[in-house]
Amino acid sequence: MVSKLTAYFAGLAGALGFLTAAAVPHLETQGTASRLIVNGQPLMILGGELGNSSASSAAYMAPHWPRLHQMHLNTVLAPVSWELIEPAQGRFDWSSVDSLLEAARANQLKLVVLWFGAWKNSMSTYVPAWVKRDQARFPRAQLPNGQGLDILSAFATATRDADKKAFCALLAHLAKVDGHNETVVMLQVENEIGMLPVARDYGGAANAAFHESVPEELLRGLASPARFAGTAVGKSWEAHGRKTSGDWTEVFGESDATAEVFTAWYYARFVESLVEAGKSVYPIPMYANVALNRPLKAPGEYPSGGPLPHLLDVWKLGAPALDFLAPDIYFSNFSDLASRYKRSDNPLFIPEANHADKSEAPANAFYAFGKLDAIGFGPFSIESVDTAQPNPLVAAYQVLQQLSPAILAAQGRGTMTGFRPRVLEDGTVIATPVTESIGGYQFTVSFVDTQAPQAGQNVASHGGIIIQVGPEDYLIAGQGFIVTFAPVGDGPPLAGIDSAWEGSFNTAGAWVPGRLLNGDQTHQGRHVRLAPGEYQIQRVRLYRYR
């Protein structure tokens with residue numbers, strides 16, 4: 001049942017005419033991909049996330065906004081904290097939100113709002129003081145010995161309702177002041193939820209829930225082979241008799257892994273309550289992000305119970321109103337981790353793609369957009385590098401900005417790929433060439449440039465994208481790789497370069513050719529080369545011969 005408060009906010013938004021999902025930022029399907037539609041047009045988020053405290057001060061941010069625009073960002077991911085918007089219970093202060101909107105619009109930038117509500121990086125430090133100080137109404141999660149944590153309990157109805165009230169008030173305000181502009185294009189619900197330093201809350205309400213029957217929605221999901229077959233959660237259920245009723249230990253066994261599944265379910269249900277209420281107010285896309293865990297770490301040794309790879313289906317069942325679940329990727333094995341979040345039921349968005357100064361960030365961006373049809377990409381602490389010179393991210397974003405119409409047109413249609421060397425979790429770089437077919441040609445991409453001194457090459461930063469734009473026409477962009485080609489299917493067995501132009505797209509989207517590359521620049525017609533450290537676009541036409 002919708003609360004009176006939520007009904008009030010929904011009525012306000014409805015009166016303003018913003019409740020129709022198609023009239024606000026939303027997701028649409030194209031082929032096998034989902035695209036974000038903003039102001040009636042698809043938007044590929046070339047983003048960057050602000051540091052946790054940066055957006056709390058308009059004065060601090062003032063010099064950064066124009067520089068972020070100059071970096072070729074089109075979207076900034078910015079926190080909005082509960083403590084700032086509701087400093088006293090029931091009294092809302094929108095000055096921090098309005099300053100964000102004003103600055104973003106003045107610099108032709110969109111916003112993804114990050115709701116720092118009950119939890120941020122597991123902890124509950126962004127809640128208002130009136131929540132922090134009233135532990136009777138807003139109890140803390142507890143350790144097994146009864147000690148309280150600086151983490152609000154997900155089992156407290158008062159906490160959920162207070163968070164929901166502030167969340168809905170924020171959405172009603174955005175509907176009122178931004179519904180016609182669509183400056184805010186998506187909203188993140190909480191931030192990197194997860195229990196520490198144990199796998200679950202041991203407070204009284206949590207203990208009682210742990211010994212109640214596992215909810216029917218989860219039990220029904222476990223019985224669906226398409227969802228849990230082969231997963232760690234499904235295997236645990238099967239190992240304990242595929243029960244259709246029972247408490248958490250009866251269904252999954254006595255373990256920290258069981259405690260983590262329990263935690264994930266109730267975190268997801270808390271978030272679902274906010275999302276359901278919030279979307280009745282202003283139905284923009286909403287997602288939850290996750291702090292990923294290192295291999296071989298036990299539940300409790302990492303933020304446990306968030307939408308981690310092994311818990312994605314628990315979250316999908318527990319919070320179905322979320323549009324997607326998004327990984328924050330700070331580990332070296334970017335392509336492996338990002339690929340786990342690209343699913344038919346989960347569009348890929350990467351709100352934190354490591355720190356903005358990492359040299360591999362551009363290669364990760366090309367891979368995310370080209371290979372995984374990502375909605376967007378956003379390195380963390382973006383304002384910390386907006387004066388850096390040289391800045392590889394700026395050069396890469398400038399190219400991706402020019403290519404965005406072609407990327408958006410190709411997403412989900414099998415006419416594009418992205419590539420970068422695979423990097424393992426320990427940092428080992430696998431520079432083996434990769435091969436993929438697009439249209440009538442097979443492309444082999446080598447990441448070690450044989451025409452440049454190998455000692456100076458940062459191979460982990462090499463990468464790019466190939467987009468088919470005609471029967472034999474391709475855009476090839478990025479840096480640090482060599483491409484060779486072979487025909488696919490019937491016909492003449494050899495492939496050659498008809499023409500290879502370097503160039504760029506102007507602000508109207510028209511191709512502006514530069515040099516016509518040949519001779520030494522194409523190894524006498526044998527390959528296309530994009531030199532290390534030089535982000536560029538080449539427009540290549542191939543042909544077949546005997």
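The values are calculated or read from the model by the stated rules, or taken from the named source; none is laboratory data. None of the values given here were measured: they were computed from a predicted structure. Neighbour counts are summed over all protein chains in view; Cβ atoms, including those assigned to glycine, are modelled from backbone coordinates with ideal geometry. What goes into the accessible areas is simple: the full protein's heavy atoms, side chains included, and nothing from ligands, DNA or RNA. Shrake-Rupley method; radii C 1.70, N 1.55, O 1.52, S 1.80 Å.
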Inter-site label distance for ALA431 and ALA136 at 7 Å from Cα along Cβ, in nm: 6.7 nm
If I take every Cα pair under 8 Å that is 6 or more residues apart in the chain, average their sequence separation and divide by the length, what percent do I get for the relative contact order? 13 percent
Cα gyration tensor, segment 94-249 - rounded (a/c under 1.5), prolate or oblate: oblate
Could you give the length gained by full extension between ARG242 and GLU254, i.e. 0.36 nm per residue of separation minus their alpha carbon distance, to one decimal place? 2.8 nm
Reach of LYS243 by Cα under 18 Å, taken over lysines that are not fewer than 8 positions away in the same chain: LYS235
Mind grabbing the base-10 log of I(q)/I(0) for segment 442-525 at q = 0.12, 0.15, 0.26 Å⁻¹? Debye formula, identical points on the C-alpha positions, no solvent, two decimal places. -0.44, -0.69, -1.47
Run through the DSSP bridge list for segment 63-146 and note the antiparallel percent, rounded to the nearest 5. 20 percent
In square angstrom, rounded to the nearest 10, how much accessible surface does THR249 have for a 1.4 Å probe? 30 Å²
Leaving out ligands, DNA and RNA, and with a 1.4 Å probe, what % of the accessible surface on segment 275-428 is carbon or sulfur? 49 percent
Over 19 Å between alpha carbons, listed pairs LYS297/LYS358; LYS120/LYS371; LYS132/LYS164; LYS110/LYS371; LYS132/LYS316: LYS297/LYS358; LYS120/LYS371; LYS110/LYS371; LYS132/LYS316
Figure the gain on full extension for THR125 and TYR545 (residue separation times 0.36 nm, minus the Cα-Cα span) and round it to one decimal in nm. 144.6 nm
Rolling a 1.4 Å sphere over the protein heavy atoms, what is the accessible area per residue of the chain, to the nearest Å²? 39 Å²
Can you tell me the mean projection area, over all orientations, of the convex hull of the chain's alpha carbons? Units nm², please. 26.5 nm²
Can you list residues from other chains, or at least 5 along the same chain, whose modelled amide H is less than 5 Å from the amide H of GLY480? LEU530, ALA531, GLY533, GLU534
Counting only protein heavy atoms and leaving out ligands, DNA and RNA, the solvent-accessible surface of TYR60 at a 1.4 Å probe, in Å² to the nearest 10, equals 120 Å²
Against the longest principal axis of the chain, how steep is helix 392-410, in degrees 0 to 90 to the nearest 10, with axes from Cα atoms? 90 degrees
When you take every Cα atom in segment 266-355, what is the radius of gyration, and what is Dmax, the widest Cα pair distance, in Å? 13.3, 42
Magnitude of the Cβ-charge dipole (Lys and Arg +1, Asp and Glu -1) of segment 14-173 about the Cα centre, nearest 20 debye, reported as 140 debye
With labels modelled as points extended 7 Å from the Cα through the Cβ direction, what inter-label distance (nm, one decimal) is found for ALA22 paired with ALA298? 5.4 nm
